[in-house]
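Asker: Sharing a structure here in structure tokens format.
The values are calculated or read from the model by the stated rules, or taken from the named source; none is laboratory data. Everything quoted here is computed from the prediction, not taken from an experiment. All Cβ positions, glycine included, derive from the backbone under ideal geometry; neighbour counts span all protein chains shown. These accessible areas exclude ligands, DNA and RNA; they are computed on the full protein's heavy atoms, side chains included. Shrake-Rupley method; radii C 1.70, N 1.55, O 1.52, S 1.80 Å.
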Amino acid sequence: MKSESKPQVVLVGSHLDCIPANDKGRGKGLAEKFLKDSQAVYDGILEIDGSLILVDGRDAKCNGIETLKGVLKTRREKIVGTEKLPKLCEKMQKIIKPWREEDVPVISWQVYQERVKRKYPGMDEETLREATKYLHLMGEVYWAEFETKDDQIILNTQWFTTNVIGAAFAGEEFAAQFPILPNKPYYSKEDLCSFFTDEMDPSQLITLLGHMDLVHETKDKKYLLPGKLPADLPEVVWDDAAYDIKGISIACVDEIDIFNPNVWPSVQKKLLDENECLGLSRSAVMYARDSVKVLVQMPKTKRAINIAAMCPNKDGIEACNTSLQEVVERIQLEISEKSSGTTLRKNFMSQKSLQTSKNLEDVVTYTRDELIQAETGNGFVGKNEDVTNVLFQGYDKMFLQEFGADCRYEWLPVDVVTRCFRRLDRINEWEEDYRAVGKALKIEPHEVDLKEQPTNNIIKSWCKKNKRKMTIGMLHKLLSRLSLVTNEDALIAVEELIHTFEAKHPKGVSSKEVFEPGVSEYIVSCRLDLKRQWRQLKADMDPRLLVSRLEEFVPPDICAKIRASSSDQRVENVETVLQYLLHCEEETCLRAFFDAVHDTAKSKQADQNDGSGAERKMEGKKGGKL
């Protein structure tokens with residue numbers, strides 16, 4: 001290691017000592033002392049190499065480094081392949097044996113460490129930990145490591161597996177031979193303490209069983225023993241009046257993958273802590289959150305966890321989707337923590353299959369790729385099942401993320417539907433509603449049911465009539481071309497959605513480049529001015545005079561109707577012309593209209609000024625003034 005003042009050589013042992021590079025004799029002496037002390041401490045326990053190697057820390061290619069590489073290679077070849085228990089562990093087994101005979105089955109790590117060090121005073125903690133870990137993996141001891149409390153060492157694993165685990169989880173068939181813990185969904189602490197009272201401190205035993213994931217404490221201080229739960233798989237029974245049922249399966253991708261055993265009990269415990277339990281078995285849990293029912297089930301293969309949620313009514317879809325997504329995230333988190341390295345895939349359950357199957361293991365599932373392929377085709381997956389029945393329409397954003405502006409409008413999020421479609425459903429005097437959508441798509445009122453969701457029904461009718469799909473990008477273009485552009489909230493809602501989920505199209509062209517406004521900024525400005533002046537124009541405008549100025553632009557039938565109408569139809573005629581102008585896409589016509597309005601205003605102001613002047617002259621004469 002280099003120092004800013006002068007070069008130093010680092011000698012590595014149980015301690016780091018820095019010595020000057022020119023004092024090699026002192027370095028050698030320290031190394032020999034370290035070697036001698038280590039051999040004395042671990043005599044007969046560890047085989048320590050007697051080589052002394054001087055390494056210049058400033059030179060990675062010095063002779064010492066090459067010598068060290070050779071020693072390490074020799075030691076590795078000697079160790080690899082041997083099945084002999086290290087001598088240190090053999091010695092420790094001999095130490096532990098009399099402790100077991102003293103009927104000390106469990107001790108704390110602190111006591112364990114003190115006892116070992118009394119036998120081997122020079123043993124450092126790291127070596128002790130490695131040796132104990134080896135014994136733990138060999139099943140000689142059980143080392144329970146805790147984050148918030150002292151570690152515990154089970155010295156007599158045979159006693160623990162027989163007298164504790166065996167008695168706690170034995171089946172009913174062993175009841176005649178020795179007392180067993182009766183099967184119950186939950187146990188109180190008193191239940192467990194009374195059962196384990198003859199062994200050792202029951203609280204300590206419960207803590208150790210919890211470390212092994214054999215016992216789980218719920219938030220209401222009940223204890224769940226997964227191995228004592230009913231083994232029967234509950235049949236899937238949904239309410240006949242269920243509005244909607246959706247399901248997702250979290251499955252292993254690779255055939256050799258399987259979840260660690262402690263994943264499922266941990267999932268059950270967390271779900272029971274967070275929800276109202278409706279049913280519990282060794283492989284399933286059903287719970288309720290508000291009006292939503294959720295069933296979570298681990299199949300026999302233990303390579304998937306299946307989740308299904310039931311919406312009781314149309315208003316419960318959002319809550320149902322939220323519940324389903326929350327449990328999916330919970331399961332994925334537990335798997336990542338307790339079964340890291342397992343490759344997962346999210347599959348989607350068939351709604352048809354969910355409604356008829358009595359076990360989630362039997363439910364048909366679709367992969368994400370299958371749904372994407374169906375969406376790009378005719379919209380059906382499996383045996384003619386509509387993709388919209390598999391996912392939560394209005395809440396699932398899979399296709400928005402996949403297709404961006406090319407996504408079908410049916411997958412608009414609910415908040416965008418509220419701002420756009422439901423706003424268009426409401427009639428307003430400027431015809432910025434479904435009537436304008438119908439005119440633009442050439443869908444006559446008699447062709448569609450306009451009583452409920454008229455905008456959506458008009459678009460669906462257009463899709464069916466033209467055998468095409470309305471995409472979010474096409475909807476944006478439609479709103480840009482209509483007078484609906486003045487209904488800014490509806491248009492902005494779609495623009496924000498496209499911006500949020502902007503993605504590259506299959507052709508490599510972004511949504512911004514594809515969908516441009518269909519009218520000029522001048523026309524947009526004119527439409528906004530029309531809205532602002534609408535009431536004043538209806539009150540002041542002369543429709544016949546206006547028609548004479550716009551005759552070359554306004555359709556002949558409108559002109560003829562206005563000329564033939566009576567004076568009491570003036571307001572109606574003005575509104576007819578304004579409605580035409582609001583939908584007009586010819587700049588020349590709009591310019592002529594606003595010129596006429598400007599001229600009319602000037603003429604009216606001039607008349608007012610002339611009238612005011614005459615009145616002043618008359619007042620002057622009356623007052624004797626010029």
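Asker: Which residues, counting only those in the stretch 319-342, are of a type outside the set (D, E, K, R), touching a residue at least 60 places away in the same chain (Cβ under 8 Å) and either over 14 Å from ALA304 (Cβ atoms) or open to solvent by 50 Å² or more (accessible area, probe 1.4 Å) (or both)? Steps first, answer last, please.
Answerer: Start the filter on the stretch 319-342 by keeping residues that are of a type outside the set (D, E, K, R), which leaves 319-325, 327-328, 331-333, 335-336, 339-342.
Okay, now just the ones that are also touching a residue at least 60 places away in the same chain (Cβ under 8 Å), so 320-321, 324, 328, 331-332, 335, 339, 342.
Once the filter is applied, which keeps residues that are of a type outside the set (D, E, K, R), touching a residue at least 60 places away in the same chain (Cβ under 8 Å) and either over 14 Å from ALA304 (Cβ atoms) or open to solvent by 50 Å² or more (accessible area, probe 1.4 Å) (or both), the stretch 319-342 yields CYS320, ASN321, LEU324, GLN332.
Asker: Among the residues of the stretch 326-343, write down those that are under 14 Å from the mean Cα position of the chain (by Cα) and either part of a strand (DSSP E or B) or among the β-branched types (Val, Ile, Thr) (or both).
Answerer: VAL327, VAL328, ILE331
Asker: Same structure, new question: Among the residues of the stretch 36-57, which ones are closer than 18 Å to THR67 by Cβ and out of contact with any Gly (no Cβ under 7 Å at 6 or more places or on another chain)?
Answerer: In the first step, residues of the stretch 36-57 are kept if they are closer than 18 Å to THR67 by Cβ; the result is 48-57.
Those that are closer than 18 Å to THR67 by Cβ and out of contact with any Gly (no Cβ under 7 Å at 6 or more places or on another chain): ILE48, ASP49, GLY50, SER51, LEU52, GLY57.
Asker: Continuing with the same structure: Might you check whether a residue that is open to solvent by less than 30 Å² (accessible area, probe 1.4 Å) and in contact with a helix residue (DSSP H, G or I) (Cβ under 8 Å, 6 or more places away or on another chain) occurs anywhere in the stretch 73-89?
Answerer: First, pick out the residues of the stretch 73-89 that are open to solvent by less than 30 Å² (accessible area, probe 1.4 Å): 88-89.
Of the ones still in play, those that are also in contact with a helix residue (DSSP H, G or I) (Cβ under 8 Å, 6 or more places away or on another chain) are 88-89.
Yes, the stretch 73-89 contains at least one residue that is open to solvent by less than 30 Å² (accessible area, probe 1.4 Å) and in contact with a helix residue (DSSP H, G or I) (Cβ under 8 Å, 6 or more places away or on another chain).
Asker: Find the residue count for the stretch 1-37, including only residues that are modelled with pLDDT of 80 or more and open to solvent by less than 50 Å² (accessible area, probe 1.4 Å).
Answerer: Filtering the stretch 1-37 for residues modelled with pLDDT of 80 or more gives 29-37.
Remaining after also requiring open to solvent by less than 50 Å² (accessible area, probe 1.4 Å): 29, 31, 35.
Matching residues across the stretch 1-37 total 3.
Asker: Right, here's the next one. In the stretch 570-591, how many residues are over 54 Å from the mean Cα position of the chain (by Cα) and surrounded by fewer than 16 Cβ atoms within 10 Å (Cβ to Cβ)? Explain how you work it out, then say what you get.
Answerer: Going through the stretch 570-591, the residues over 54 Å from the mean Cα position of the chain (by Cα) turn out to be 570-574.
Right, trim to surrounded by fewer than 16 Cβ atoms within 10 Å (Cβ to Cβ) and you get 571-572.
Summing the residues that are over 54 Å from the mean Cα position of the chain (by Cα) and surrounded by fewer than 16 Cβ atoms within 10 Å (Cβ to Cβ) in the stretch 570-591 gives 2.
Asker: Moving on to the next point. Tally up the residues in the stretch 521-549 that are outside any helix (DSSP H, G or I) and either out of contact with any helix residue (DSSP H, G or I) (no Cβ under 6 Å at 6 or more places or on another chain) or of a type in the set (Val, Ile, Thr) (or both), please.
Answerer: Residues of the stretch 521-549 that are outside any helix (DSSP H, G or I), as a first pass: 541-542.
Applying the additional criterion that residues be either out of contact with any helix residue (DSSP H, G or I) (no Cβ under 6 Å at 6 or more places or on another chain) or of a type in the set (Val, Ile, Thr) (or both) yields 542.
Within the stretch 521-549, residues that are outside any helix (DSSP H, G or I) and either out of contact with any helix residue (DSSP H, G or I) (no Cβ under 6 Å at 6 or more places or on another chain) or of a type in the set (Val, Ile, Thr) (or both) number 1.
Asker: Return yes when GLN393 is closer than 24 Å to LYS314 by Cβ and exposed (fewer than 15 other Cβ atoms within 10 Å of the Cβ) and no when it is not.
Answerer: Here the answer is no, as GLN393 does not meet what is asked.
Asker: Could I ask something else about it? So, in the stretch 379-390, of the ones that are surrounded by fewer than 21 Cβ atoms within 10 Å (Cβ to Cβ) and in contact with a Phe, Trp or Tyr (Cβ under 7 Å, 6 or more places away or on another chain), which residue ends up nearest to ARG435 (Cα to Cα)?
Answerer: Kept after step one, since they are surrounded by fewer than 21 Cβ atoms within 10 Å (Cβ to Cβ), are these residues of the stretch 379-390: 379-380, 382-386, 388-389.
Filter once more, keeping what is in contact with a Phe, Trp or Tyr (Cβ under 7 Å, 6 or more places away or on another chain): 382, 386.
Numbers: GLY382: 38, ASP386: 29 Å.
For the stretch 379-390, the residue satisfying everything is ASP386.
Asker: Against the definition (more than 21 Å from CYS407 (Cβ to Cβ), open to solvent by 60 Å² or more (accessible area, probe 1.4 Å) and touching a residue at least 12 places away in the same chain (Cβ under 8 Å)), how does ARG345 come out, yes or no? Give the derivation first.
Answerer: Working: more than 21 Å from CYS407 (Cβ to Cβ): yes; open to solvent by 60 Å² or more (accessible area, probe 1.4 Å): yes; touching a residue at least 12 places away in the same chain (Cβ under 8 Å): yes.
Yes, satisfied.
Asker: Mind listing whichever residues of the stretch 412-429 are touching a helix residue (DSSP H, G or I) at 6+ places or on another chain (Cβ under 6 Å) and not aliphatic (A, V, I, L, M)? So that I can check it myself, show each step before the final result.
Answerer: At the first step, the residues of the stretch 412-429 found to be touching a helix residue (DSSP H, G or I) at 6+ places or on another chain (Cβ under 6 Å) are 416, 419-421, 423-425.
Result: ARG419, CYS420, PHE421, ARG423, ASP425.
Asker: Another question, then. Limited to the stretch 96-140, what total is found for residues that are in contact with a Phe, Trp or Tyr (Cβ under 9 Å, 6 or more places away or on another chain), surrounded by 14 or more Cβ atoms within 10 Å (Cβ to Cβ) and assigned to a loop (DSSP other than H, G, I, E, B)?
Answerer: 4
Asker: Go through the stretch 434-473 and count every residue that is without any contact (Cβ under 8 Å) to a residue 24 or more places away in the chain and at negative phi. Walk me through how you get there before you give the answer.
Answerer: Narrowing the stretch 434-473 to residues without any contact (Cβ under 8 Å) to a residue 24 or more places away in the chain: 435, 438, 442-452, 457, 460-468.
Those still in the list that are at negative phi too: 435, 438, 443-452, 457, 460-466, 468.
Selection size over the stretch 434-473: 21.
Asker: Next question. Which one is nearest to VAL448 (Cα to Cα) among residues in the stretch 464-477 that are assigned to a helix (DSSP H, G or I) and open to solvent by less than 20 Å² (accessible area, probe 1.4 Å)? Give the steps one after another, and end with the answer.
Answerer: Applying the first criterion (assigned to a helix (DSSP H, G or I)) to the stretch 464-477 yields 464-466, 472-477.
Checking the rest, the ones that are also open to solvent by less than 20 Å² (accessible area, probe 1.4 Å) come to 472-473, 475-476.
Numbers: ILE472: 21, GLY473: 23, LEU475: 19, HIS476: 22 Å.
For the stretch 464-477, the residue satisfying everything is LEU475.
Asker: With the requirement that a residue be within 20 Å of LEU229 (Cα to Cα) and at pLDDT below 85, what does the stretch 194-213 give you?
Answerer: Answer for the stretch 194-213, where residues must be within 20 Å of LEU229 (Cα to Cα) and at pLDDT below 85: SER194, PHE195, PHE196, ASP213.
Asker: Could you tell me which residue of the stretch 259-291 is nearest to PRO230 (Cα to Cα), considering only residues that are polar (S, T, N, Q) and open to solvent by less than 50 Å² (accessible area, probe 1.4 Å)? Walk me through how you get there before you give the answer.
Answerer: Restricting attention to the stretch 259-291, the residues satisfying the condition of being polar (S, T, N, Q) are 260, 262, 266, 268, 275, 281, 283, 291.
From the residues that got through so far, the ones that are open to solvent by less than 50 Å² (accessible area, probe 1.4 Å) too are 262, 266, 268, 275, 281, 283.
Details: ASN262: 18, SER266: 17, GLN268: 14, ASN275: 20, SER281: 5, SER283: 9 Å.
For the stretch 259-291, the residue satisfying everything is SER281.
Asker: Check the stretch 172-189 and report whether any residue there is at pLDDT 80 or above, surrounded by 12 or more Cβ atoms within 10 Å (Cβ to Cβ) and over 20 Å from LYS269 (Cβ atoms).
Answerer: Within the stretch 172-189, not a single residue is at pLDDT 80 or above, surrounded by 12 or more Cβ atoms within 10 Å (Cβ to Cβ) and over 20 Å from LYS269 (Cβ atoms).
Asker: Follow-up. Got a sec? Which of PHE403, PHE392, PHE348 is among the aromatic types (Phe, Trp, Tyr), assigned to a helix (DSSP H, G or I), within 23 Å of the chain's Cα centre (by Cα) and on the phi < 0 side of the Ramachandran plot?
Answerer: Details: PHE392 fails: assigned to a helix (DSSP H, G or I); PHE348 fails: assigned to a helix (DSSP H, G or I).
Answer to the check: PHE403.
Asker: Among VAL514, VAL547, VAL509, VAL524, which is in contact with an Asp or Glu (Cβ under 9 Å, 6 or more places away or on another chain), aliphatic (A, V, I, L, M) and modelled with pLDDT under 85?
Answerer: Values: VAL547 fails: in contact with an Asp or Glu (Cβ under 9 Å, 6 or more places away or on another chain); VAL509 fails: in contact with an Asp or Glu (Cβ under 9 Å, 6 or more places away or on another chain); VAL524 fails: in contact with an Asp or Glu (Cβ under 9 Å, 6 or more places away or on another chain).
The unique qualifying residue is VAL514.
Asker: Can you find, within the stretch 252-277, the residue that is modelled with the lowest pLDDT among those that are more than 14 Å from GLY341 (Cα to Cα) and aliphatic (A, V, I, L, M)? So that I can check it myself, show each step before the final result.
Answerer: So in the stretch 252-277, the residues more than 14 Å from GLY341 (Cα to Cα) come out as 261-262, 264-277.
The next check asks that each one be aliphatic (A, V, I, L, M); those that pass are 267, 271-272.
Details: VAL267: 90, LEU271: 89, LEU272: 85.
Residue satisfying both the conditions and the ranking: LEU272.
Asker: Still on this structure: Quick check on my filter: what residues within the stretch 45-63 are loosely packed, with under 15 Cβ neighbours inside 10 Å and among the small types (Gly, Ala, Ser)?
Answerer: The answer is GLY50, SER51, ALA60.
Asker: Starting from the stretch 373-390, keep only residues that are among the β-branched types (Val, Ile, Thr), then list their pairs with residues that are open to solvent by 60 Å² or more (accessible area, probe 1.4 Å) and assigned to a loop (DSSP other than H, G, I, E, B) whose Cβ atoms are within a distance under 6 Å, requiring at least 6 positions of separation or different chains.
Answerer: Between residues of the stretch 373-390 that are among the β-branched types (Val, Ile, Thr) and residues that are open to solvent by 60 Å² or more (accessible area, probe 1.4 Å) and assigned to a loop (DSSP other than H, G, I, E, B), there is no close pair.
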